[in-house]
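Undergrad: Mind having a look at this structure? Questions to follow.
The values are calculated or read from the model by the stated rules, or taken from the named source; none is laboratory data. It should be emphasised that the depicted structure is a prediction, and the values quoted were computed from it without experimental measurement. When we count neighbours, we look across all protein chains shown, and the Cβ atoms used for this are built from the backbone with ideal geometry, even at glycine. Just so you know, the surface numbers come from the protein's heavy atoms only, side chains and all, with ligands and any DNA or RNA stripped out. Shrake-Rupley method; radii C 1.70, N 1.55, O 1.52, S 1.80 Å.
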Amino acid sequence: MKAFRLDELEAERAANDGAYLQFLRERNMSVGLYALDAGTADPQKPHSQDEVYFVVSGRASITVGMETTQVARGSVVYVPAGVAHKFHHISEDLRVLVVFSPPES
């Protein structure tokens, strides 16, 4: 079994000065913690894997393809492989679990 605590993952991510921390990689998926502070820009480009975002905390909007929705704690968003997507109008520091399948390259 592999078990993780969000507070420890957040501390590790912050200590490494990165917006993204991959903390699990298996044959069919990878999982990471993505952080964007209020007012910052999301630099993402389309990925070659399907993604699922689970918002742990914060508030923002996300645009996937031509659709936009607001997200907050508890929101789940699916992003198909190859589709442009960005978080924006980040009004509260955003912390998001990201599941890639297959694993992120």
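Undergrad: Which residues, taken from the stretch 77-89, are aromatic (F, W, Y) and either open to solvent by less than 70 Å² (accessible area, probe 1.4 Å) or at pLDDT below 95 (or both)?
TA: Scanning the stretch 77-89 gives a single hit, F87.
Undergrad: Please pick out the residue among R27, R73 that is farther than 19 Å from R5 by Cα and either within 14 Å of the chain's Cα centre (by Cα) or not aromatic (F, W, Y) (or both).
TA: From the options R27, R73, the qualifying one is R27.
Undergrad: Does E92 satisfy the criteria of being acidic (D, E), open to solvent by less than 30 Å² (accessible area, probe 1.4 Å) and not in a loop (DSSP other than H, G, I, E, B)?
TA: Spelling it out, it is not the case that E92 is acidic (D, E), open to solvent by less than 30 Å² (accessible area, probe 1.4 Å) and not in a loop (DSSP other than H, G, I, E, B).
Undergrad: I'm trying to understand the selection: among the residues of the stretch 48-76, which are open to solvent by 20 Å² or more (accessible area, probe 1.4 Å), in contact (Cβ under 8 Å) with a residue 24 or more places away in the chain and in contact with a strand residue (DSSP E or B) (Cβ under 7 Å, 6 or more places away or on another chain)?
TA: Hits for the stretch 48-76 are D50, V52, F54, V56, S57, R59, T63, V76.
Undergrad: Let me ask another. Under 9 Å between Cβ atoms, which residue pairs at least 6 apart in sequence (or on different chains) link something in the stretch 78-105 that is among the hydroxyl-bearing types (S, T, Y) with a partner that is open to solvent by 80 Å² or more (accessible area, probe 1.4 Å)?
TA: Here the result reads S91/R59; S101/N28; S105/S48, each pair linking the stretch 78-105 to a residue that is open to solvent by 80 Å² or more (accessible area, probe 1.4 Å).
Undergrad: Which of the residues belonging to the stretch 25-34 are surrounded by 13 or more Cβ atoms within 10 Å (Cβ to Cβ) and outside any loop (DSSP other than H, G, I, E, B)?
TA: Once the filter is applied, which keeps residues that are surrounded by 13 or more Cβ atoms within 10 Å (Cβ to Cβ) and outside any loop (DSSP other than H, G, I, E, B), the stretch 25-34 yields S30, V31, G32, L33, Y34.
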